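Derivation of every value follows stated rules applied to the coordinates shown; laboratory data play no part. This structure is a prediction, so every number in the text was calculated from the model and none was measured. All Cβ positions, glycine included, derive from the backbone under ideal geometry; neighbour counts span all protein chains shown.
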Amino acid sequence: MDKLYQFGELAFGSRIKRLSDVLMKDVKQVYKDLYIDFEPTHFPVFKTIYEEKQVNIGKLSEFLELSQPAITQFVNALQKKGLISIVTNKLDKRKKIVQLSNKGLIMIDKLIPIWEVIGNQLTDLITNESTTFMNHLKLTEEKQKENSLYKRIIEHQKKQVEIIEYNSKYDSLFHDLNIEWLETYFYVEDHDKEVLSNPKSYIIDNNGYIFYAKYQNEIVGTVALMNEPEGYELSKMAVSPKYRGLKIGQKMMDHCIEFAKNKNWNKLLLYSNKKLENAIYIYRKYGFMEVELEKDSPYERSDIKMILRF
């Protein structure tokens, strides 16, 4: 039993603080997963500066009803991150004007769509039918435990990932994303260079397929189904490190498996390396079974071959 529940109204402030801490932690994790270097606690000051264009410390204190020392701490932190710049008031040089820096303007473009999602999910989370505020608070706490704000936001963002078909204008991204992945975990083999530099001739013109994961108008992942004598090989799967928290690889895997079934193929095969433990775990979860690896494997780095039969 939660003791704070038992304490009733006496624990009102403690419960509000606890819930606030949990929600802040969730939003912080969302920013981390989406590679946005921003602190949730900086939101009120940063957004006010954005809306006001130029504002002094006194006005920020007035707008947010926070003490000037507290506002100064937030401003100093934002300035340290390079998100704001401070200029001297032309009419009164004793007063400092705060505005977004170029880096801050770039950051705000990333944050605005995420803030919209956070706002929508918070609205759903805290909307409860209740007769008292304490009961309303209890329902909100229960909903947060059952399906946290973090999960709600990430699930929403995952739905924004779109799998699209091959387009030659993305050939350079197909090359760069895969090279980045190979250099992170292994090394680039000669066969990789040939295929990645000429995906149309090596894959598309050979009755193969290439798909891209698109998120917020950016290509963030690739995967190929290569036509081989033994069957179609699931290959060239790479996801931008910035967006791996959205489980884009699994979404591309789902798409490829569904695509193969619709084509009435009887199997998919892949080559991997056992040191990629998370990837091997996911392959097994999807039903891929390990089979004997031929001696003349097409990849030097491969030490495991797997097949998914339909």
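Summary table
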item	result
Over the chain, relative contact order from alpha-carbon pairs under 8 Å, at least 6 apart, %	12
Within region 1-77, GluC sites (Glu not before Pro) in DSSP loop having at most 14 other beta-carbon neighbours inside 10 Å	GLU65
Set of lysines near LYS59 by C-alpha distance (under 20 Å), chain-local residues within fewer than 8 positions excluded	LYS47, LYS90, LYS93, LYS95, LYS96
Cα-derived Rg over Rh, computed across region 40-82 with Rh taken as Kirkwood radius	0.91
DSSP-loop chymotrypsin sites (Phe, Trp or Tyr not before Pro) across region 162-225, with at most 13 other Cβ within 10 angstrom	TYR187
In degrees, nearest ten, helix 171-185 long axis to first principal axis of the chain (Cα)	90
Cα centroid of region 224-263 to Cα centroid of region 160-197, whole Å	12
Ellipticity estimate at 222 nm from DSSP helix runs (n ≥ 4, -39,500 (n - 2.57)) divided over the chain, nearest 500	-16000 deg cm²/dmol
Among [x] 174; [y] 195; [z] 130, the entry that matches volume of the Cα convex hull per residue in Å³ as calculated here	[y]
Whole-number Å³ per residue for the convex hull built on Cα positions in region 174-287	116
q = 0.12 Å⁻¹: log10 I(q)/I(0) that the Debye formula gives for region 62-121, counting C-alpha atoms only	-0.40
Kirkwood Rh and Cα Rg combined as Rg/Rh, region 124-219	1.31
Gain in span if fully extended, GLU277 to TYR35, counting 0.36 nm per residue against the direct Cα distance	84.8 nm
